[in-house]
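Written below as structure tokens is the structure these notes are about.
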Amino acid sequence: MTPNAEPAPAQVGDRPRPKKQDLPRGEVHVFDNWCKGCGLCIEFCPAGVLVLGMDNRPRPIYPENCTACRWCELHCPDFAIFVSDTADEAERSERTRVPADAATDLDADAS
């Protein structure tokens, strides 16, 4: 190998790929009898989950896009929308939760 030789270019598969992060998911529920049809939730949903229905009320037509940001829930003037975590999200939070007895063990170690 000569001193001026450049290293071979890296191949596409040579680098380890970063682990894909699990994104939170939610399920949008609309109370039709509370909704006045203002459309705020439809206009400002960052994931485009909601679409105006035939009755001028929001419908979660693309629920798979919901990221559980809760924008619609927090900004609805009539409190007609709520977002619940999907089963996958509930399982994920359960796996990352610190058991109560582990927290007391940590407190005892600190003393």
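Read-outs throughout are calculated quantities, based only on the coordinates presented, and are distinct from any laboratory measurement. Computed from a predicted structure; not experimentally measured. Ideal geometry is used to build each Cβ from the backbone, glycine not excepted, and the neighbour counts take in all protein chains shown.
Just a few scattered comments:
- Of residues in the range 53-66 being touching a Gly at 6+ places or on another chain (Cβ under 7 Å) and surrounded by 14 or more Cβ atoms within 10 Å (Cβ to Cβ), the one farthest from Val28 (Cα to Cα): Arg57
- Restricting the range 22-52 to residues that are in contact (Cβ under 8 Å) with a residue 24 or more places away in the chain, under 16 Å from Cys76 (Cβ atoms) and aliphatic (A, V, I, L, M), the residue that is surrounded by the fewest Cβ atoms within 10 Å (Cβ to Cβ): Leu40
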